[in-house]
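Everything below concerns the one structure shown next.
The values are calculated or read from the model by the stated rules, or taken from the named source; none is laboratory data. Owing to the predicted nature of the structure, the values given are computational and were not obtained by experimental measurement. Glycine gets a Cβ as well: all are built from the backbone with ideal geometry, and neighbour counts include every protein chain shown.
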């Protein structure tokens, strides 16, 4: 689990959130919103940022990268934009 704490969280949809948190559970976003409402994550690694934005769902981008890697015969992967 990884926790990103941002002074300003800019989601792809909706209004910016001051004092925001994003929780990543593997390749999936398990929470994105106000820090006051975030579930506890004491064992998560932590990144603090002045601003953070998510313009494409991370889990969708990671799934695209996995599908791309699975479909290539040489086993290499191409990067997915996030």
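Checking each residue in segment 9-28 for being within 10 Å of the chain's Cα centre (by Cα) and assigned to a loop (DSSP other than H, G, I, E, B) picks out 26, 27. Among the residues of segment 1-32, those identified as surrounded by fewer than 13 Cβ atoms within 10 Å (Cβ to Cβ) and out of contact with any strand residue (DSSP E or B) (no Cβ under 7 Å at 6 or more places or on another chain) are 13, 14, 15, 26. If you filter segment 42-59 down to residues that are part of a loop (DSSP other than H, G, I, E, B) and modelled with pLDDT of 70 or more, you find that the one that is farthest from residue 26 (Cα to Cα) is 42.
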